[in-house]
Amino acid sequence: MADEIRVAIASDQDIVLARQRGRTLAFELGFSSSDSTLVATAISELARNILTYARTGEIALKAIQSTNRQGIMVVASDEGPGIADVRQAVKDGFSTSGSLGLGLPGVRRLMDEFMIESELGHGTRVTVRKWKQ
Amino acid sequence: MAKKENRTGDTASHVGFAGEHPRLEATSELLRELVSHLRQNRTQLREEWVRRITEARLLTAMSQEEIFAEATSVYDSYVEALETGTFEALQSYARNLSERIIPRGVETHEVVGIVLLLRDVLARSLFAKYQTDFEKLNRILDAYEPAANRIANTVAVGFVQERERVIRQQQEAIRELSTPVLQVRERLLILPIIGVIDPQRARQLTEQLLRGIRTNRAKVVVIDITGVAAMDATVANHLVQTVEASRLLGATVIVTGLSPEIAQTLVTIGVELGKMNTVGDLQGGIEQAERLLGYKVVPIS
Amino acid sequence: MDVPILKQGEFLIATIQAALSDADLLQLRSGLIQQVVRFRSRAVIVDVTAMDVMDSFASRTLREIAHMIRLRGAETVIVGIQPEVAFAMVQLGLTLEGVATALDLEEGLAYLNQKFRSTS
C-alpha cells in the first residue's frame, strides 16, 4: 500500500486538493462512496481549521490496517496558536444552526476515532481514523 | 508419459510418473478396474443407492424422480472423479446441486448421509465381486477408500459452503427488509420503522431512504415510528438528521406514530418538535402527504 | 473555476461544474447578486449536482447567497445535492436552514413555476 500522502495547507486551493486526495485514497481502499464522502468532508473541515487558525499546516493521509480491517488515517497538524480549551472545542452541543466554531464535533461524528493534541503557542494536531465497514 | 497426480489422501500419497513407482502403478491399475466395474453395474448400483436413500428417509423434500435424476448425476461425477483423480467437475456439480436443494430445506446431515450411503453401496458391491479373492479385495478397498473419503468430503464441504453463502445472503436481505422504503403513490414514500434502532441501523435506514428519494423522485416521505421500541437522545438525533437530510434532497418528511412518551422524551432532550412535521397516525400522515402532493381524495359512490 | 450563470426568463441558473475553492464560491456569490440586480430576476437556482463535498464554508456561502438574494426580493433554490453529500452535511450539522431545496434542476424549475403562478 502507498506510503503517507502529505498535502501542505497554505491556501484555499490546498483544501480542495487535500480532500480530493483523501477521497481517492479511501476509494482505492474500497470504502463505499458514502464513506469516501464522509472522509473527504472531514478532511475539508480539518484543512479549513488549519487555514483559518494557523494559516499553514499539513494534512497527512495514510492507509492503516488492524487485525481484521482496513482503514484510513488523517493527521491534521499545524504550528499555530493552539487551542486554549480543547474540551470545549470538541464538546458536542448538537447545535445545527448558528456559529460552527471549529467544527470539530462535526468531524468527530463523521469519523470513527478522533484524537486531538494541542499546546498553546505551539500548535495543534488532530488525528482521525475511519474504518472500512 | 503424462504426469498424474495421485490424490489418495493420507495413505502413501505420492506424485510421480506412472511406472516409476510400482505401488502407484498398482493403485491406478486397481482404480481402473474399479471404475469399469462401476460403469458396468451403473443401473443396478444406482437403483440400489436410491432405494437405500428412500429407506433411510433422506431427501424427503424431493420426489422419487428428482432423487433418481440427481443420484444419476452424482453417481457419474463420482465415477469420473475416481477415474481422473480430479475433483473440479464433482465440486462444481456439488455446488450446483446444493444451490438447488438448499431452498427446499435439505439439511447438511442428509447430504452427508447420501454420500456415505453411496460409499457403502459401492463397497458392498466390491465385497460381493471379490469375495473369493480376499487379497485382491483388500487391495481394491485400499485404493478405493481414500478416494471415496475425499469425494465425500468434497461434496459435504461444497454443500456447507453453499449453505453459508445462502445464509449470508438471507441475512443481508433481512437487514434490507427491516428498513423497507415503500412507494405508495407517485412521489410518496413510506418508511415504517420497527424495532430497535442502533447507530448502524439508523445510518443504513437514512442512506436507504435518501437513495429511495432520488430513485423514486419522491416529494413527501412519511416515517412511521409506531413500532419503535424506545427513543433516547441518540436515536432522536438520528431521526432529526434523517428528516434534515431528506429535506436537502427536496423531500418533505412527515413523522407519524409519535407516542406521548416519545414526544415527551424529544422535548426533554431539546429536539425542537416545531421543526418536525408530525401527525398522529400513519393514516393521517398519508392524508396530509396526499394534500401536500395535491391529491384530492373523493369517495367513489 | 468559474461558475456559469445562465439567464432563463425571470430566473437565473448557476450550474457548478467541478469542485470549488473558497475563492470560487465567493466569486459565485458576488456574481449572482450582481446579476439578480441587473436582470431583476425573481429567482435563482444553484445546481450543486457536481459538488462531491459540501463543507461548512460552502454551506455557509450558499445560505448567505440565499439571504442576500431574499433581501433583493428574489427566491433561491439549491438543487442537486447528492444523497451521500446530504448524509455528510447533516452529520456536520449543516442543514441549509431557511433555504429552499429540490431534487434537481427540473424539480427546482417546477417548484418556482408553481410558486410564481400561484402568487402572480
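The values are calculated or read from the model by the stated rules, or taken from the named source; none is laboratory data. The structure displayed is predicted, hence computed values, not measured ones. All Cβ positions, even for glycine, are placed from backbone atoms using ideal geometry, and neighbour counts span all protein chains on display. The protein model used for the area step is the full one, side chains on, heavy atoms only, and it has no ligands, DNA or RNA in it. Shrake-Rupley method; radii C 1.70, N 1.55, O 1.52, S 1.80 Å.
Restricting attention to chain B, the count of lysine pairs at 8 or more positions apart or across chains with alpha carbons under 30 Å apart stands at 6. Counting only protein heavy atoms and using a 1.4 Å probe, the accessible area of C:His67 comes to about 110 Å².
If you filter the range B:49-140 for trypsin sites (Lys or Arg not before Pro), then keep DSSP loop positions with at most 12 other Cβ within 10 Å, what is left? Show your work: numbers first, answer last.
On the way: sites: B:Arg51, B:Arg52, B:Arg57, B:Arg95, B:Arg100, B:Arg104, B:Arg119, B:Arg124, B:Lys129, B:Lys136, B:Arg139; in loops: B:Arg57.
Here the sparse-neighbourhood loop sites are B:Arg57.
Whole number in Å², please: accessible area per residue of the range B:84-151, 1.4 Å probe, ligands, DNA and RNA not counted.
On a per-residue basis, the range B:84-151 sits at 51 Å².
Which value, in square angstrom to the nearest 100, describes the accessible area buried between chains A and B on both sides, using a 1.4 angstrom probe? Answer for the A-B pair: about 500 Å² buried. Per residue, the accessible area of chain C comes to 43 Å² when a 1.4 Å probe rolls over the protein heavy atoms.
Under 23 Å of direct C-alpha separation, and excluding same-chain neighbours fewer than eight residues apart, C:Lys7 reaches these lysines: C:Lys115.
Spatially, the range B:191-222 and the range A:61-82 are offset by 31 Å when compared through their Cα centroids. Most mobile of C:Arg60, C:Arg38, C:Arg29 per a Gaussian network model of chain C (Cα springs, under 10 Å)? Its mean-square fluctuation being the largest, the pick is C:Arg38.
Taking a straight line from the alpha carbon of A:Lys132, these lysines sit under 25 Å away, with near neighbours fewer than eight places off in the same chain left out: A:Lys62. Computed with a 1.4 angstrom probe on protein heavy atoms, the C-B interface buries about 1700 square angstrom of accessible area in total. Atom-type composition of the exposed protein surface of chain A places 48 percent of the accessible area on carbon and sulfur (1.4 angstrom probe). Rounded to 0.05, the FRET efficiency of the A:Thr24 and B:Asp198 pair, given R0 = 22 Å and the Cβ-Cβ distance, is 0.10. Connecting C-alpha atoms closer than 10 Å in a GNM of chain A, tell me which of A:Glu119, A:Glu45, A:Glu79 has the biggest fluctuation. Maximum among the listed residues: A:Glu119. Which whole number gives the average count of other chain Cβ atoms within 10 Å of the Cβ atoms across peptide C:10-23? So the per-residue partner count for this stretch is 2. Only Cα pairs under 8 Å and 6+ residues apart enter the sum, and on that basis the relative contact order of chain B stands at 13 percent.
Is the shape of chain B best called rounded, prolate or oblate, per the rule: a/c under 1.5 gives rounded, else a/b larger than b/c gives prolate, else oblate, with a ≥ b ≥ c the square roots of the Cα gyration tensor eigenvalues? Prolate, because a/c is 1.5 or more and a/b exceeds b/c. For the range A:1-38, backbone nitrogen atoms closer than 19 Å to the point 7 Å from A:Ile64 Cα along Cα-to-C-beta are found at A:1-7, A:19, A:21-32, A:35-38. Heavy atoms of the protein chains alone define the surface here; on that basis chain A has 50 Å² accessible area per residue at 1.4 Å probe size. Peptide C:49-58 has a mean of 6 when you count, residue by residue, the C-beta atoms of other protein chains within 10 Å of its C-beta. Ellipsoid semi-axes for chain A, based on the Cα gyration tensor and the rule √(5λ), read 23, 17, 14 Å when sorted largest first.
Taking all Cα pairs closer than 8 Å and separated by 6 or more residues, the relative contact order of the range B:3-172 comes to 30 percent. The apolar share of the surface of the range B:3-172, taken as the fraction of accessible area on carbon and sulfur atoms (1.4 Å probe, ligands and nucleic acids excluded), comes to 50 percent. Contact with the other protein chains removes 10 Å² or more of accessible area, compared with the isolated chain and a 1.4 Å probe, from these residues of the range B:234-257: B:Asn237, B:Gln241, B:Glu244, B:Ala245, B:Arg247, B:Leu248, B:Leu249, B:Gly250. Derived value for the range B:182-292: Kirkwood hydrodynamic radius 13.8 Å. Basis is the mean of 1/r over every pair of different alpha-carbon atoms. Each label was represented as a point 7 Å from its Cα along the Cα-to-Cβ direction; for C:Arg60 and B:Asp232 these points are 3.4 nm apart. Thinking of the range C:5-119 as a set of Cα atoms, what percent of all their pairs are more than 19 Å apart? In whole percent, the share of Cα-Cα pairs in the range C:5-119 beyond 19 Å is 40.
Of the candidates A:Ala60, A:Ala47, A:Ala76, which one comes out as most mobile in a Gaussian network treatment of chain A with C-alpha springs shorter than 10 Å? Judging by the Gaussian network model, the answer is A:Ala60. Here the range C:5-119 exposes an accessible surface that is 48 percent carbon and sulfur, computed with a 1.4 Å probe and the other protein chains kept in place.
Provide the three semi-axes, in whole Å and in decreasing order, of the ellipsoid equivalent to the protein assembly as shown as defined by the square roots of 5 times the Cα gyration tensor eigenvalues.
Those come to 65, 32, 21 Å.
What FRET efficiency would be calculated for the residue pair A:Tyr53, B:Glu186, taking the C-beta separation as r and a Förster radius of 51 Å, to the nearest 0.05?
Between A:Tyr53 and B:Glu186 the formula returns 0.55.
Each chain gives up part of its surface: C and A jointly bury about 2000 Å² of accessible area, both sides summed, for a 1.4 Å probe.
For the range B:227-296, what is the relative contact order in percent, using Cα pairs closer than 8 Å and at least 6 residues apart in sequence?
32
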